[in-house]
Each structure stands twice: as structure tokens, then as C-alpha cells.
Amino acid sequence: MGAAQFGIRRRRDSRLRTDIPAKLITLSSAPSVKLRDLSQTGAQIECPEPLSIGSEALLNWLHFEAFGTVQWNHPPFAGLEFDEPLPEEVVLSTREKIDRGEVLNTAKAAEKAAHNWYLGLRD
């Protein structure tokens, strides 16, 4: 039996593993999320709240954004399929920024935010 018989769709694109902060904007909420992996056609996120399959969302990370639809949800993880494939340059640029240390992973970003809050600093 193949994966298609179980309703499982195979990935077409390689995925960039990440652990960076992102924002997910839906009609009902705008939670901060962790972008766990990224490809030209979709993303896996870790979200603090359950998402409805089929709901539309805007994912913002670094200085990029993409519209998509929630395809699966196994809290705290969810999968988005983008409405239009991302240009390859967006995925490569995301990787370059991570490799150069221009973006903090989610744990470091939370630590920095807490430190700045303690010091009374604002971004």
C-alpha cells in the first residue's frame, strides 16, 4: 500500500530546518509561533493554540511573509501549505540569515526579550 492510499501527500521540496520566531495571523488570532521548517511550498510551525484545518493564515518571519492554508494540526505543531510557492531566493536568504547568526533561535529571542524587559528597554 502506498502513501497516497492513506491520504498522505509526499513532499515535493526539500525543507530547511529552523527554530526561529515567527508570527501567524489568522482571522481569529495572531499568535507568536516557532517556524520549525520551511520549503518553497509550505512550513511547519509550533503554535501555542490549536489551529483549524482549512483556515487561511499569513505567516511572517524575518522580513518575509507568505499566505497559506492550515493543512494539518497535531498540537502544538501545524502544517501550512502556501498559496503560491516561495521564490527559491526566500528560502536561501532565510538560511543565510540563520547561518550568519542574524536571527536568534526562539529560545535566545525569548531570553533577550526577558532581559530587555527586566532592564526596561523597548525595541
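The numbers here are math on the coordinates, done by the rules we state, and not lab data. Just so you know, these numbers come straight off a predicted model, no measurement behind them.
Calculate, in nm to one decimal, what E88 and S14 gain on full extension: separation in residues at 0.36 nm each, minus their alpha carbon distance. Don't jump to the answer; show the numbers that get you there.
On the way: separation 74, 0.36 × 74 = 26.64 nm, distance 1.09 nm.
My answer for the length gained is 25.5 nm.
Taking 0.36 nm per residue of sequence separation and subtracting the Cα-Cα distance, how much length would be gained by fully extending the chain between Y118 and K97, in nm to one decimal?
4.8 nm
Multiply the residue gap between S29 and H63 by 0.36 nm, knock off their C-alpha separation, and tell me the result in nm, one decimal place. Intermediate results must be reported in sequence, preceding the final value.
Working: separation 34, 0.36 × 34 = 12.24 nm, distance 2.02 nm.
Gain on extension, S29 to H63, equals 10.2 nm.
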